[in-house]
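Report on one structure; see the data block that follows.
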Amino acid sequence: MDDAFDIGRLGAAGRPPVPSADRSDYLSALNAEQRVAVEALDGPVLVLAGAGTGKTRVLTTRLAHILKTGRAWPNQLLAVTFTNKAAREMIERVERLLARSVDGLWLGTFHSMGARILRRHAELVGLKPNFTIIDTDDQLRLLKQILAAANIDEKRCPARVLAAIIDRWKNKGLTVDKVADADGADFADGRAVDLYRGYQERLLTLNAADFGDLLLHNLSLFTENTDLLADYHERFKFILVDEYQDTNVAQYLWLRLLAQGERNICCVGDDDQSIYGWRGAEVTNILRFERDFPGAQVIRLERNYRSTPDILGAASGLIAHNDGRLGKTLWTERQGGEKLSVRGVWDGADEARWVGEEIEALQQKGHALGEIAMLVRAGFQTRAFEERFLEIGLPYRVIGGLRFYERREIRDAVAYIRVLVRSEDGLAFERIVNLPKRGLGNVSIQAIHTLARAKRLSLQDAARLLIETDELKPKARAVLRDLLESFERWRAELESKPHTDVVEIMLDESGYTEMWQKDKSPTAPGHLENLKELVRALEEFETLEGFLDHVSLVMDLAERVDDEMVNLMTLHGAKGLEFDTVFLPGWEEGLFPHQLSLEESGLAGLEEERRLAYVGLTRARRKAYILWAANRHIYNQWVSSAPSRFIDELPSEHIEFEQVGTYDRAGGHAPENALVELERFPELASGLSDRSRSRHRRRRSRMTEAEYEFAEPSADESLWRVGERVYHRKFGHGQIIDVDGDKLAIAFEKGSQKKILASFVEPA
């Protein structure tokens, strides 16, 4: 086999003979620090590669250097990455450097390398070499069977939640015997561990493994078979790791076991770009490298080839506020460039309007649209920009995700609205009739279709006929009757309530919102935020019919864009990319840093949010714009927004600040309610769109005189009173039982009493 041991081919000390090739051709392109990182082959090495410092060049040149100097054969090199794309790029670069193909390299993702090892030794963990690697759908199907066999109600204890718990355990390297006290063990009244055990046993019976098993079984192989581990110590002379800051515990343990042989492990990463804690990445893995591998060399790559001095100065000044870092400062030999533009706007609509105008101005100066990126903290933020870009004919693409109205939860919600106002819409009814799951089987749905075709009726009319007969089982009839009656009730409410309220009621009472609230996957909060943004979008339209016509137009225009497009994506999705110009909207407290991160992870969450801001800034080559809005429409009400603390942390010598009228750079955040500022200081309204002025007038007309005279309380006062009902994003609804300045003691409906900062709650 291409990667089998072949000691007979090796020269002295078990190494291939050293070629006589001149090294200067591939080393001459490196700077001094990069060359040190490439040539430091003996012992553990940590390469701290800042953004834009040539990380991939170092990795690939190091691989080529090992091979060209004869330190190892290709099959004695293990190189792991996080994506197949990165692996392909590394192989292509190495082959270009060597001017020949490279066969036998152990180069690929963690999972692919784990699978390769596992297939060689599958019998040792109870599998056969031809085991199946199941995907997420198969995993969920199997877990539903496990729950059913244990007589556990899947509605109360969803399979998706159990899957997330098990994946989290496997990412931490926890086998069944190690999870008794782990987070999540209380699932299904403390039966999670037994369910995990049953799931693993079922996988072995099926000769299958999920993605988490690929490394988990490797850990068992190596810890329970020391002779096997010794063989791999002999095999791998050198180990290279890309993006080490993104490794989880299982990946870390796997690497540490394999590296205990030759100890020639080189990890390349950037602790300042560790932004995936929500999916199991542990920044502490890179922070403790020197402790794990005593005597390790730490080489810092700080010369940046991407950005201007002001961009690097701002990014370095920001990230310096993090305590949990190894420390480095990016610099560049480039001269000139523009300072970062930090701009305050009135609200989200004006944010989108201004950005659209600025991009059009850049385009007129010859700026390529493909070199412009809009990087948002949360996916729901793209809607306002998408609609503005479509309105002015500015082509765009959403990278790493779907356009707003193409997202699953938005399509589902729009289908509910279509059924609400267009009772003949069979496609929409078919989409939502059993969403969320209501117990309607394929037989019942087919019966509706059959009757509709036979009598040339809409699906809703056919369903009305069926519930009056015995064609369907009693449970199915009851479910259909309840759904149809609900739609009639919601239609009636449209006569007396705002359409935005009715849509919110419909999504709540139908169980659709609850479906996502119960979903414990990392993406679930984003789906809920998108639904809230959809309801906010409805306010721009007089009727739901007008909104549906707008959606149809948006979807039609979205298909007609040109090849040259502005790039929209989340900050997480932008890692590894770079653009000439970057727009960073929504830098406000609660949105960025995100409130949920602060609530769930405290200081660690704040530092990861700051690393995310650092990643966003360092995507820009020439110019970066930071924007914050004085007002945001959140949870169906207007709230004043404070600029992100990250803006205060940017070194002033690297930024140009455009004041919106409610922010004082020296004094900190807005001292007064920004909404009232427009009435008190009309000059702030200059430059506002007609739509924003109209929206403000409508809101002002609904305010009482007392509300209008509202002023921000002093430090020892509070707007909150004992007895008021409030809503907290994580803990739900509750009632204030004590007020201490900005700290509220709240009795929540779920039975708990907690002390919460006032900024984290809103009126119920």
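Using only side-chain charges placed at the Cβ, +1 for Lys and Arg and -1 for Asp and Glu, the dipole size of the chain relative to its Cα centre rounds to 2020 debye. Its DSSP H runs of at least 4 residues, each contributing -39,500 (n - 2.57), put the calculated 222 nm mean residue ellipticity of the chain at -13500 deg cm²/dmol, to the nearest 500. When only alpha carbons are used to place a centre, the stretch 620-634 and the stretch 509-549 end up 24 Å from one another.
Between Glu282 and Thr247, Asn248, the built amide H atoms are under 5 Å apart, and every one of these is 5 or more places off in sequence or on another chain.
Fully extended, how many nm does the chain gain between Asp482 and Arg453 (0.36 nm per residue separation, minus their Cα-Cα distance)? Mind showing how you got there, number by number?
Values: separation 29, 0.36 × 29 = 10.44 nm, distance 2.32 nm.
That works out to 8.1 nm of additional length.
Considering only alpha-carbon pairs that sit under 8 angstrom and 6 or more positions apart, the relative contact order computed for the chain is 14 percent. A straight line joining the Cα centroids of the stretch 437-501 and the stretch 27-49 runs 68 Å.
Distances between placed amide hydrogens fall under 5 Å for Thr109 paired with Thr81, all partners being 5 or more residues away or on another chain.
Given +1 at the Cβ of Lys and Arg, -1 at the Cβ of Asp and Glu and no other charges, the dipole of the stretch 461-549 around its Cα centre is 540 debye to the nearest 20.
Annotation: peptides 163-173, 534-544, ranked by per-residue average of other Cβ atoms within 10 Å with the highest first, follow the order 163-173, 534-544. Stretching the chain fully between Ser101 and Asp186 yields a gain of 25.3 nm (0.36 nm per residue, less the alpha carbon separation).
With the other protein chains left in place, how much accessible area per residue, in square angstrom, belongs to the chain at a 1.4 angstrom probe? List each step's numbers first, then the result.
Numbers: 34100 Å² over 764 residues.
For the chain, the per-residue accessible area is 45 Å².
Taking the average, over residues, of other Cβ atoms within 10 Å as the packing measure, peptides 524-530, 455-461 rank 524-530, 455-461 from highest down.
About the Cα centre of the stretch 247-323, how large is the charge dipole given +1 on each Lys and Arg Cβ and -1 on each Asp and Glu Cβ? Please answer in debye to the nearest 20. Display every interim value, and only then the final one.
Working: 8 positive and 10 negative charges, 41 e Å.
The calculation lands at about 200 debye.
Placing a pseudo-label 7 Å from each Cα along the Cα-to-Cβ vector at Arg88 and Arg491 gives an inter-label distance of 5.1 nm.
Efficiency by 1/(1 + (r/R0)^6): what FRET value for Asp153 and Glu357, r their Cβ-Cβ distance, R0 = 51 Å, to the nearest 0.05?
Values: r = 54 Å, r/R0 = 1.06.
E between Asp153 and Glu357, to the nearest 0.05, is 0.40.
Projecting the Cα atoms of Ala320, Val355, Phe289 onto the dipole axis of the stretch 285-357, where Lys and Arg carry +1 and Asp and Glu carry -1 at the beta carbon, places Phe289 farthest toward the positive end.
Arranged from highest to lowest average of other beta-carbon atoms within 10 Å per residue, in what order do the peptides 441-451, 257-267 appear? Mind showing how you got there, number by number?
Numbers: 441-451: 15.3, 257-267: 20.8.
In decreasing order of mean packing, 441-451, 257-267 become 257-267, 441-451.
Tell me, what is the FRET efficiency for Lys473 and Val722 to the nearest 0.05, using R0 = 35 angstrom and their Cβ-Cβ distance as r? Working from the Cβ atoms, E equals 0.10. Each of Glu545 and Glu653 was given a label point 7 Å from its Cα along the Cα-to-Cβ line. The distance between the two points is 6.4 nm.
Separation of the stretch 204-224 from the stretch 228-285 is 18 Å, based on Cα centroids.
Helix 110-120 and the longest principal axis of the Cα set of the chain meet at an angle near 60°.
Taking Cα atoms only, the orientation of helix 442-455 departs from the longest principal axis of the chain by about 50 degrees.
Ranking Leu78, Ala149, Ile117 by how far each Cα lies toward the positive end of the dipole of the stretch 71-189 (charges on Cβ) leaves Leu78 at the top. Ranking Pro522, Leu195, Ser274 by how far each Cα lies toward the positive end of the dipole of the chain (charges on Cβ) leaves Leu195 at the top. Amide H contacts of Asp580 (H built 1.01 Å from N, in plane; Pro and chain starts excluded): Arg621 sit under 5 Å, all sequence-distant by 5 or more or on other chains.
For the chain, the longest principal axis of the alpha carbon atoms and the long axis of helix 136-149 meet at an angle near 70°. In sequence order, the stretch 293-298 has phi-based couplings of 10, x, x, 5, 7, 10 Hz under the Karplus curve 6.51 cos²θ - 1.76 cosθ + 1.60, θ = phi - 60°, and Gly or Pro positions carry x. Computed from backbone phi with θ = phi - 60° and the Karplus coefficients 6.51, -1.76 and 1.60, the 3J(HN,Hα) list for the stretch 93-108 is 5, 4, 5, 5, 5, 8, 6, 6, 6, 10, 9, x, 4, 8, 10, x Hz; x is used for glycine and proline. Each label point was placed 7 Å from the Cα along the Cα-to-Cβ direction; for Arg202 and Ser341 their separation is 5.6 nm.
Taking the accessible area of the chain, probe 1.4 Å, and keeping the other protein chains in place, the carbon and sulfur fraction comes to 48%.
Note that the stretch 469-476 has calculated 3J(HN,Hα) couplings of 10, 9, 5, 9, 5, x, 5, 5 Hz, one per residue in order, obtained from phi through the Karplus relation 6.51 cos²θ - 1.76 cosθ + 1.60 (θ = phi - 60°); glycine and proline are x.
The values are calculated or read from the model by the stated rules, or taken from the named source; none is laboratory data. What you see is a predicted model, and the numbers here were worked out from it, not measured in a lab. No Cβ is skipped: glycine too gets one built from the backbone with ideal geometry, and neighbour counts run over all protein chains shown. Surface accessibility is based on the protein's heavy atoms, side chains included, excluding ligands, DNA and RNA. Shrake-Rupley method; radii C 1.70, N 1.55, O 1.52, S 1.80 Å.
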